[in-house]
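The values are calculated or read from the model by the stated rules, or taken from the named source; none is laboratory data. Worth saying up front: this structure is predicted, and the values here are computed from it rather than measured. Cβ sites come from the backbone with ideal geometry, for glycine too, and all protein chains shown count toward neighbours.
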Amino acid sequence: MPKPRKIAGLNPEKTAVELTEAEWEIMKVIWEKEPCAAGTVQETLAQSRDRAYSTVKTTMDRMVEKGFLEIERIRNLQLFRSCISEVDARRGEFRKMLKRAFDGALTPMMQFLIEHEGLSKEEASQLRKLVNMAETKKTNRK
């Protein structure tokens, strides 16, 4: 059996964006509503989970220090904007999981999903289309 291929571009030395669970919740609101104030984030999060304003604001200030958010000041108002894209955040989360669970190898991960998590007919069809698109791209680059 051939050795599993590591995912292209997965560089363990390269720092990937890694968000905590609380940071993910905040970033989802920011991406949807930016620019927005901490109060807007807290109110949105309060619909699903009771979070104190001070907790949300402290977390957001720490995210500014980490470079995930930036602050735009308009008089006494602080508006927050994202400094990272949703794609970069997802990529970081995916790479972390792939490295931890599958030693960075994509094929064993896909095999695991198919064998242990199952696919609906629609998901299998979509997966086949994606594989075909990837093969077509690779052929066109040659």
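Before moving on, here are some points about what is shown:
- Residues that are of a type in the set (A, V, I, L, M) and modelled with pLDDT of 90 or more, drawn from region 97-126: Met97, Leu98, Ala101, Ala105, Leu106, Met109
- Residue within region 75-91 that is in contact with a Lys or Arg (Cβ under 8 Å, 6 or more places away or on another chain) and without any contact (Cβ under 8 Å) to a residue 12 or more places away in the chain present: no
- Search result, residues across region 110-142 that are part of a helix (DSSP H, G or I) and either of a type in the set (Gly, Ala, Ser) or in contact with an Asp or Glu (Cβ under 9 Å, 6 or more places away or on another chain) (or both): Ala124, Ser125, Ala134
- Residues located in region 48-71, provided they are of a type in the set (D, E, K, R) and not in a helix (DSSP H, G or I): Arg49, Asp50, Arg51, Glu70
- Selection within region 30-54: residues that are closer than 20 Å to Arg73 by Cα and in contact (Cβ under 8 Å) with a residue 24 or more places away in the chain. The member of this set that is surrounded by the fewest Cβ atoms within 10 Å (Cβ to Cβ) is Trp31.
- When region 72-109 is filtered for residues that are part of a strand (DSSP E or B) and under 20 Å from Lys33 (Cβ atoms), the ones remaining, listed by number, are Glu72, Arg73, Ile74, Leu77, Gln78, Leu79, Phe80, Arg81, Ser82.
- Residue tally, condition surrounded by 13 or more Cβ atoms within 10 Å (Cβ to Cβ) and in contact with a Lys or Arg (Cβ under 9 Å, 6 or more places away or on another chain), over region 99-142: 4
- In region 18-29, of all residues being among the aliphatic types (A, V, I, L, M) and in a helix (DSSP H, G or I), the one that is surrounded by the most Cβ atoms within 10 Å (Cβ to Cβ) corresponds to Ile26.
- Criterion violated by Cys83 - all others in (1) over 22 Å from the mean Cα position of the chain (by Cα); (2) assigned by TED's automatic domain parsing to the domain that holds Ile26 satisfied: (1)
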